[in-house]
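**Q** Just passing along the structure, written as structure tokens.
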Amino acid sequence: MGVIVLGLMLLSLTIWLGLLCFWGQFWRTDQQLEVTETQLQSLPVVCAVVPARNEAQLLPTTLRSLLLQDYPGSFNVFLVDDRSTDGTANFAEKVAHAVGKPQQLHIISGEALPSGWSGKLWAVEQGINSASKFTPDYFLLTDADIEHDPGNLRRLVAKAVQEDLDLVSVMVRLRCESFWEKLLIPAFVFFFQKLYPFRWVNNPNNSTGAAAGGSILIAREALERIGGIQVIRQALIDDCALAQAVKKSQGDKENTPFPMPNAPCPMPNQGRIWLGLSSLTRSLRAYDSLTTIWDMVARTAYTQLNYSPLLLLGTLVGMPLIYLVSPMCVILGAVWGNWAIALTGLLGWLLMTFAYYPTIRFYKCSPWLAFSLPAIAFLYTLMTLDSALRHWQGRGGAWKGRVYPSSDNL
């Protein structure tokens with residue numbers, strides 16, 4: 001038995017060494033928008049599109065932050081009221097008048113959801129269609145629960161223009177106040193970065209594509225090139241689907257809005273995207289209980305696995321191997337008096353703690369939480385299993401009072 005346990009521990013340790021050395025340095029938090037130089041020699045026209053469904057409570061803060069961006073160029077906000085029942089549109093109008101920006105806000109009453117569309121993407125499609133009359137150079141796609149730092153748009157545009165990017169996105173700082181948020185939200189970001197290492201996403205010669213839906217700036221030309229929002233109209237993980245479509249599309253430096261002569265040259269058939277963290281722009285969406293976080297993860301976890309039972313089985317085997325074997329070996333080695341197993345397990349545990357610590361520090365949580373990654377990974381494994389069970393029971397994709405059936409084309 002000891003030989004088998006030691007063998008599993010060495011395999012787990014090898015995996016962690018491989019992740020740390022060869023997996024895009026996913027554990028680092030150095031890809032941040034706030035380090036971008038924001039001097040603009042040109043001022044592209046930007047239109048923001050905000051899908052809003054029953055967001056009246058948050059709009060006084062979030063919409064206000066969007067209307068008060070310090071961007072010096074032409075900027076208009078198109079808020080799509082997705083058939084809300086809480087007076088979202090009225091609150092939005094009041095916010096715009098309160099900050100003296102009524103002419104900058106355009107409220108669109110959302111039409112009935114057609115077959116084959118997710119609710120959010122249908123709202124985004126309507127907003128883009130209305131905003132197109134301004135012939136914007138860029139669309140800012142953002143959620144109604146995002147409180148934007150005053151310089152967020154200026155930095156996004158500067159990043160896009162200076163590096164000749166088709167899409168720039170930031171994973172905004174998620175709310176991390178309650179016990180469950182502090183325990184599980186940093187890990188959500190950590191696991192996302194492990195799935196989509198930001199350095200790979202930002203490398204024009206790597207095919208990895210990802211974005212964070214809370215704040216996406218996309219060039220109109222790039223959106224038209226991929227065929228518009230309708231090409232991802234059924235996607236539940238719409239942000240990553242959009243980024244992947246842009247990165248796979250054929251880039252054309254001659255037709256980009258403001259090409260830069262020294263911009264990196266992507267491989268053929270590759271668009272140019274960038275994804276990073278933001279320390280200032282933040283989400284106000286509260287996940288203050290285990291249930292709310294569980295539902296948030298379970299809504300799309302099985303989608304992330306492409307509804308594949310084989311990938312699910314791999315996850316159910318791989319997650320314990322990567323995250324649970326080390327602490328179990330520490331315990332078993334101490335009980336058996338086998339210090340080779342115990343010390344090897346401790347080394348593996350320290351490696352994963354080392355990898356997780358930068359994310360814990362970014363979210364300003366207690367450093368001791370970095371040691372809790374094995375327990376957190378166990379919970380996320382259960383959430384993934386529950387996501388599959390919900391899918392098989394026809395309850396997958398529930399959001400804002402709607403349940404979206406899966407599709408093999410997602």
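**Q** If you check LEU141, LEU121, which single one turns out to be under 20 Å from ALA222 (Cβ atoms), in contact with a Ser or Thr (Cβ under 9 Å, 6 or more places away or on another chain) and in contact (Cβ under 8 Å) with a residue 24 or more places away in the chain?
**A** Only one candidate passes the filter, namely LEU141.
**Q** Restricting the search to the range 151-192, which residues are under 15 Å from TYR380 (Cα atoms) and either of a type outside the set (A, V, I, L, M, F, W, C) or at pLDDT below 95 (or both)?
**A** Residues satisfying the conditions are GLU181, LYS182, PRO186.
Here is a yes/no grid of residues against (1) under 21 Å from the mean Cα position of the chain (by Cα); (2) surrounded by fewer than 19 Cβ atoms within 10 Å (Cβ to Cβ); (3) farther than 30 Å from LYS94 by Cβ:
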{"site": "VAL3", "(1), (2), (3)": "no, yes, yes"}
{"site": "SER12", "(1), (2), (3)": "no, no, yes"}
{"site": "TRP27", "(1), (2), (3)": "yes, no, yes"}
{"site": "ASP30", "(1), (2), (3)": "yes, yes, yes"}
{"site": "VAL35", "(1), (2), (3)": "yes, yes, yes"}
{"site": "LEU40", "(1), (2), (3)": "no, yes, yes"}
{"site": "LEU43", "(1), (2), (3)": "no, yes, no"}
{"site": "ALA48", "(1), (2), (3)": "yes, no, no"}
{"site": "PRO51", "(1), (2), (3)": "yes, no, no"}
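**Q** Could you grab me the full set of residues in the range 111-145 that are outside any helix (DSSP H, G or I), of a type outside the set (Val, Ile, Thr) and buried (at least 20 other Cβ atoms within 10 Å of the Cβ)?
**A** Scanning the range 111-145 gives SER118, PRO136, ASP137, TYR138, PHE139, LEU140, LEU141, ASP143, ALA144, ASP145.
**Q** Just a yes or no: is a residue in the range 73-87 modelled with pLDDT under 95 and hydroxyl-bearing (Ser, Thr, Tyr)?
**A** yes
**Q** Confirm whether ARG155 is in a loop (DSSP other than H, G, I, E, B), basic (Lys, Arg) and in contact (Cβ under 8 Å) with a residue 12 or more places away in the chain.
**A** When the stated conditions are applied, ARG155 does not pass them.
**Q** Tell me whether the range 304-319 contains one or more residues that are crowded, with 19+ Cβ neighbours inside 10 Å, touching a Ser or Thr at 6+ places or on another chain (Cβ under 7 Å) and outside any helix (DSSP H, G or I).
**A** yes
**Q** Do we find that ASP164 is assigned to a loop (DSSP other than H, G, I, E, B) and among the charged types (D, E, K, R) in this structure?
**A** Spelling it out, ASP164 is indeed assigned to a loop (DSSP other than H, G, I, E, B) and among the charged types (D, E, K, R).
The values are calculated or read from the model by the stated rules, or taken from the named source; none is laboratory data. Just so it is clear, the structure is predicted and the values come from calculations on it, not from any experiment. Here the Cβ is made from the backbone with ideal geometry for all residues, glycine too, and neighbour counts use every protein chain on show.
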